[in-house]
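Just below is one structure, and these are the notes that go with it.
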Amino acid sequence: MRRIDGKWGWVWENDEDHPWLLDPSGPFIETEDWVDQQIATLRAAGYEPTTRDEDDDYLDDYRKVFGDDVWFLERGRGAIPISDNGCGMTGWLIIVGPHRGELRDRDCAVNPPFEPYVDANGNHHTFRSWYLEWLEQRERTAR
């Protein structure tokens, strides 16, 4: 995390040309609503969506209309990447909307859903509950 042109952003592997600027304006789009949001955004730009790809939905259409980065920024709007778990797996903190404070898991290599982190009882983790569970596990390991 660092400040870039007066805004906070996440910089992957020191690539300051392509930062993930934090956008709390939201909304964070739940997986089941994501395709509808893409279609609405493309139509609002005067473009009729044409090609829905199984992995990326309307990525090619987004690139034609908005350029390379907008699809990815829209997909993560209202969420902050908080961890790189390796092999394209990332952890996200939702910062706006009804799921504010929850943690989600995502495989960034494709367009899967943002899956909620859950505890042993199946409850959605907040940052607090996830962090406390992590601390407890580390404490048990250290004994």
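Using the crude model of +1 on Lys and Arg Cβ and -1 on Asp and Glu Cβ, and no other charge, please compute the dipole size for the stretch 85-143 relative to its Cα centre, in debye to 20.
That gives a dipole near 160 debye.
FRET efficiency for Leu73 and Thr31, Cβ-Cβ distance as r, R0 = 25 Å, nearest 0.05?
0.90
Based on Cβ point charges of +1 for Lys and Arg and -1 for Asp and Glu, what charge dipole magnitude is obtained for the chain about its Cα centre, in debye rounded to the nearest 20?
In debye, rounded to 20, the chain gives about 720.
Of all accessible surface on the chain at a 1.4 Å probe, what whole percent is carbon and sulfur?
Looking at the chain in its full context, I get 49 percent from C and S.
Packing-wise, with mean Cβ within 10 Å as the measure, how do 37-43, 52-58, 118-124, 85-91 rank, highest first?
For the peptides 37-43, 52-58, 118-124, 85-91, the packing ranking is 37-43, 52-58, 85-91, 118-124.
In Å and from the alpha-carbon atoms only, list the Rg and Dmax of the chain.
16.8, 61
Taking θ = phi - 60°, what integer Hz values does the Karplus form 6.51 cos²θ - 1.76 cosθ + 1.60 yield along the stretch 88-96, in sequence order, with x for Gly and Pro?
Those phi angles translate into x, 8, 9, x, 10, 9, 7, 10, 9 Hz.
What accessible area per residue comes out for the chain, rounded to a whole number of Å², with a 1.4 Å probe?
62
Within the stretch 79-104, find all residues whose amide N lies under 14 Å from a label point positioned 7 Å from the Cα of Leu132 along Cα-to-beta-carbon.
Once the point is set 7 Å along Cα→Cβ of Leu132, nothing inside the stretch 79-104 turns out to lie under 14 Å by backbone N.
Report the charge-dipole magnitude of the stretch 25-107 in Debye, nearest 20, computed about the Cα centre from +1 at each Lys and Arg Cβ and -1 at each Asp and Glu Cβ.
Rounded to the nearest 20 debye, it is 400 debye.
To the nearest 0.05, what FRET efficiency results for Asp60 and Met1 with a Förster distance of 41 Å applied to their C-beta separation?
It comes to 0.85.
The values are calculated or read from the model by the stated rules, or taken from the named source; none is laboratory data. Treat the numbers as computed from the prediction; the structure is a model and nothing was measured. Note that we place each Cβ from the backbone using ideal geometry, even for glycine, and neighbour counts take in every protein chain shown. Heavy atoms of the whole protein, side chains included, go into the accessibility calculation; ligands, DNA and RNA do not. Shrake-Rupley method; radii C 1.70, N 1.55, O 1.52, S 1.80 Å.
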